[in-house]
Amino acid sequence: MGSLMVPKRHFTEGEGSGSEVPGRESRRRLGFSTVVRDLLNELSEQEFALKLEPFIRKVVREEVERKVQAFFHSSPRSPLTQIESSGSRAWQLHFQSKLPSALFTGSSIESEDGEPVKLIIVDANSKKMITSGPLSSIKIDIVALDGDFGIKDEEDWSVKDFNANIVHEREGKRPLVTGDLVVTLTDGVGFIGDISFTDNSRWVRCRKFRLGARVQSISMGERIREARSEGFVVKDHRGESYKKHHPPSLGDEIWRLEKISKDGVFHRKLSSKGISTVKDFLQLHVTDPSTLRNILGGRMSNKTWGTIIEHASACVLDEKLYMYYRAADSVGLVFNSIFKVVRATFDGQNYQCIDNLNPFQMRLVEDLKRQAYTNLDDLVPIDEPSVTSPLMLFSSLQASSFSIPSLDMQDVNIPIEHEGFMDGSYPLLPIRRTLF
């Protein structure tokens, strides 16, 4: 601007004295177009360009700087933060294990499947694990993070962002996370040791925490991005006694199932009918589902019923087996621990999977199964790993007691009180599992 000079305009004698010198108000009204027109009248095109270039450069530079400053002021990241985050992603720490949605204070932190939480280091571009070199044996610090950190699924953050989201204990409380908070990688893999939370997560805004992992020190030129787990709720330890089990076990109390509250309506109704465990529940569901539904009451919705059954059905069964045999037809059934038929014999010797039966055989199975379900006390549990056949058992019932010799197993003694049942069926000892 300093080099751009507007030539003075000369006035003729014929002009009035009132117009000899332009007034201050007149100069204020001179616009950019007036200045350009005057310059064009008195300068050549080349001279005009030389005069105008510095002015344009300055205006453009000032405008660009103004826009850039406005952008950075409105952005949640500073320019330094952006450079740091975009240029420092050669390697990344990563939680390979998924944490459960809820943890309890004082309980060791484990993965969703009950295994130690696994931590690895990967190449940011290829996502391949680094198994050798200095990075494969670095030390990692475990910290607690705010559950809101990364809620928008942003995968690129700065060291400042990460550190700002570390959650510390409340005033007057113990350290929020205690235990083995340092993990040393071996061949690029590390496992979180015995660590636990000492406080619940109700006092943070989102009511959730995350686990974070960061390197203890950086000796490399580029940054190793920290790891961040999924969010989870931390509840007080006293709430663990009411925790639902996933999956449930046969011996679990019935209120461990979803939708059945401890000492609640459904719990009391089931207990009044002698259904106290998940095994009791499943056995009745297999043998008489309508009775089970009636016990829970007509007010239970189909959705609630479905949720309970789905959870109970996820139970891992044991290897307990039961036998039921009808000697008149040489038909026998093998039941699992919740009384579901798993095998059938039609000659007292050979056992077949239920899925392989023809329609005629299935009718025989269904008939005998109904009979067995009305005489559950007549099912004989199979306690030994080796068994005898129905025919051997039937022929030996004439003696007061007998034993079945075996070259590779202990003898199985059966007293005479098992001679037979009123309906003509006979109990059957375990058959050799290799026949299954």
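The values are calculated or read from the model by the stated rules, or taken from the named source; none is laboratory data. Not measured: the values here are computed from a predicted model. Every residue, glycine as well, gets a Cβ built from its backbone with ideal geometry; the counts of neighbours run over all protein chains shown. Quick note on the areas: whole protein, heavy atoms, side chains included, nothing else; ligands and nucleic acids left out. Shrake-Rupley method; radii C 1.70, N 1.55, O 1.52, S 1.80 Å.
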When you check LEU292 against the structure, is it closer than 27 Å to GLU112 by Cβ and not in a loop (DSSP other than H, G, I, E, B), yes or no?
no
Residues in segment 375-385 that are in contact with a helix residue (DSSP H, G or I) (Cβ under 9 Å, 6 or more places away or on another chain), open to solvent by 40 Å² or more (accessible area, probe 1.4 Å) and either assigned to a loop (DSSP other than H, G, I, E, B) or of a type in the set (Phe, Trp, Tyr) (or both): how many?
1
For the structure I just gave you, tell me whether ILE130 is of a type outside the set (Gly, Ala, Ser), surrounded by 18 or more Cβ atoms within 10 Å (Cβ to Cβ) and touching a residue at least 60 places away in the same chain (Cβ under 8 Å).
no
State all residues of segment 167-197 that are over 22 Å from the mean Cα position of the chain (by Cα), more than 20 Å from LEU135 (Cα to Cα) and open to solvent by 40 Å² or more (accessible area, probe 1.4 Å); if no residue qualifies, say none.
HIS168, GLU169, ARG170, GLU171, GLY172, LYS173, ARG174, PRO175, GLY179, ASP180
Mind checking which residues of segment 123-161 are small (Gly, Ala, Ser), under 30 Å from VAL204 (Cα atoms), at pLDDT below 90 and out of contact with any helix residue (DSSP H, G or I) (no Cβ under 6 Å at 6 or more places or on another chain)?
GLY150
Test ALA312 against the stated conditions and say whether it is open to solvent by less than 30 Å² (accessible area, probe 1.4 Å) and either out of contact with any helix residue (DSSP H, G or I) (no Cβ under 9 Å at 6 or more places or on another chain) or within 26 Å of GLU253 (Cβ to Cβ) (or both).
yes
Give the number of residues within segment 85-102 that are over 24 Å from GLY188 (Cβ atoms) and either in contact with a Ser or Thr (Cβ under 8 Å, 6 or more places away or on another chain) or modelled with pLDDT under 85 (or both).
2
Within segment 100-121, track down each residue that is surrounded by fewer than 19 Cβ atoms within 10 Å (Cβ to Cβ) and either in contact (Cβ under 8 Å) with a residue 60 or more places away in the chain or touching a Gly at 6+ places or on another chain (Cβ under 7 Å) (or both).
PRO100, SER101, ALA102, THR105, GLY106, SER107, SER108, PRO116, LYS118
So which residues in segment 268-284 are without any contact (Cβ under 8 Å) to a residue 40 or more places away in the chain and open to solvent by 30 Å² or more (accessible area, probe 1.4 Å)?
ARG268, LYS269, SER271, SER272, LYS273, GLY274, SER276, THR277, ASP280, LEU284
Of the conditions (1) under 19 Å from ASP377 (Cα atoms); (2) crowded, with 17+ Cβ neighbours inside 10 Å; (3) β-branched (Val, Ile, Thr), the single one that THR345 does not satisfy is (1)
Number of the condition not met by ALA227 [criteria: (1) without any contact (Cβ under 8 Å) to a residue 40 or more places away in the chain; (2) surrounded by 14 or more Cβ atoms within 10 Å (Cβ to Cβ)]:
(1)
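What are the residues in segment 306-326 that are over 19 Å from TYR373 (Cβ atoms) and not charged (D, E, K, R), if any?
Filtering segment 306-326 for residues over 19 Å from TYR373 (Cβ atoms) gives 306-308, 310-311, 314-316, 318-319.
Within segment 306-326, GLY306, THR307, ILE308, HIS311, ALA314, CYS315, VAL316 meet the criteria.
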LEU211: part of a helix (DSSP H, G or I), buried (at least 20 other Cβ atoms within 10 Å of the Cβ) and either touching a Pro at 6+ places or on another chain (Cβ under 6 Å) or not polar (S, T, N, Q) (or both), yes or no?
no
Quick check on segment 261-276. Is at least one of its residues acidic (Asp, Glu), out of contact with any strand residue (DSSP E or B) (no Cβ under 9 Å at 6 or more places or on another chain) and modelled with pLDDT under 95?
yes
For the subset of segment 342-366 comprising residues that are outside any strand (DSSP E or B) and β-branched (Val, Ile, Thr), which member is modelled with the lowest pLDDT?
ILE354
